[in-house]
Amino acid sequence: MATTQEVIAQQINENPIILYMKGSPNQPQCGFSAKTSQCIMACGFRFAFVDVLANPDIRSELPKYGNWPTFPQLWVKGELIGGCDIVVDLHEKDELKAILAEAAPAS
Amino acid sequence: MTRQQRIEQQLQQLSPLHLDVLNESHGHNVPPNSETHFKLVIVAREFSGLSPVKRHQRVYALLQNELDSGLHALAMHLYSPDEWQGNSPDSPACMGGSKK
């Protein structure tokens, strides 16, 4: 059976845009997660998400994997983009859409 | 010493030109007088040339002991002197949280 770290690596490598958050984009459980998912949705691309409240193993292991202790976390093409503050800042500077567009699967 | 004071002391290692440590715990799903949610506004020369992720990781590393002992959320607005315009964004409102 895959270790949690292997599961995380697979999720991040197989999903060009993946958000680790508390709750879901439609029912976020945290203001930081809500705001981050709103920014991503506003860009109009499909993205994967993992609810870390429903996945305690990932919640405890992902901080070590990415050297980032809190949630949400946005990963694009295998790279950590950041948490709420960084994603909101990129969105306000109109840079988030370009970052996501480069990674987004053709729809 | 309160957590707020420990955070302020620890962040002196960045030689900040500007440092705000705001306890925003009262806006969240935690008991009164908690020290779980903070907002940091830091202006430091060493942030010049560092990516946003690296800046945040630098601060997280300085506050590892606090994160391991109940510090739950850090909103961070980290600027180089050139970028700083004297104000920072508000933190989002709570939505219930983990209820752990």
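What follows draws every value from the coordinates through simple rules; no lab data is involved. Predicted model, so just to flag it, every value in this text is computed and none were measured. Cβ placement follows ideal geometry from the backbone for every residue including glycine, while neighbour counts extend to all protein chains displayed.
Rounded to the nearest 500, the helix-only mean residue ellipticity at 222 nm of chain A stands at -14500 deg cm²/dmol, with each DSSP H run of n ≥ 4 adding -39,500 (n - 2.57).
Can you flag which of A:Lys35/A:Lys97; A:Lys35/A:Lys64; A:Lys64/B:Lys54; A:Lys77/A:Lys97; A:Lys35/B:Lys39 are past 18 Å Cα-Cα?
As for pairs spanning more than 18 Å Cα to Cα, those are A:Lys35/A:Lys64.
Rounded to the nearest 10 degrees, the angle from helix A:4-14 to the longest Cα principal axis of chain A is 30 degrees.
In summary, chain B shows an alpha-carbon radius of gyration equal to 1.08 times the 2.2 N^0.38 Å reference for compact globular proteins. When a/c is below 1.5 the answer is rounded, else prolate if a/b is larger than b/c, else oblate, so apply that to region A:55-99 with a ≥ b ≥ c taken from the square roots of the Cα gyration tensor eigenvalues. The shape class here is prolate. Ellipsoid semi-axes for chain A, based on the Cα gyration tensor and the rule √(5λ), read 21, 16, 12 Å when sorted largest first. Each residue of region A:15-22 was assigned a 3J(HN,Hα) from its phi angle through the Karplus expression (A = 6.51, B = -1.76, C = 1.60, θ = phi - 60°), giving 10, x, 10, 9, 10, 8, 9, 9 Hz with x at Gly and Pro. Helical runs assigned H by DSSP (4 residues or longer) give chain B a calculated mean residue ellipticity at 222 nm of -6500 deg cm²/dmol, each run adding -39500 (n - 2.57) before division by the residue total.
Working note: Debye formula, equal point scatterers on the alpha-carbon atoms of the protein assembly as shown, no solvent; log10 I(q)/I(0) at q = 0.09 Å⁻¹ is -0.34. Using a Förster distance of 41 Å, how high is the FRET efficiency between B:His26 and A:Glu6, based on the Cβ-Cβ distance and rounded to 0.05? The computed FRET efficiency comes out at 0.50. Could you tell me whether region A:1-60 comes out rounded, prolate or oblate from its Cα gyration tensor? Rule is a ≥ b ≥ c as square roots of the eigenvalues, rounded for a/c under 1.5, then prolate if a/b exceeds b/c, otherwise oblate. Judged from the Cα gyration tensor, region A:1-60 comes out oblate (a/c at least 1.5, b/c at or above a/b). Spin-label model, A:Asp94 to A:Asn13: label points 7 Å out along the Cα-to-beta-carbon direction sit 3.7 nm apart.
Remark: B:Asp90, A:Asp51, A:Asp85 ranked as B:Asp90, A:Asp51, A:Asp85, counting other beta-carbon atoms within 10 Å and listing the fewest first. In terms of other Cβ atoms within 10 Å, B:His18, B:His56 run from fewest to most in the order B:His18, B:His56. For chain B, the longest principal axis of the Cα atoms and the long axis of helix B:52-62 meet at an angle of about 60 degrees. Placing a pseudo-label 7 Å from each Cα along the Cα-to-Cβ vector at B:Gln85 and B:Ser34 gives an inter-label distance of 3.3 nm.
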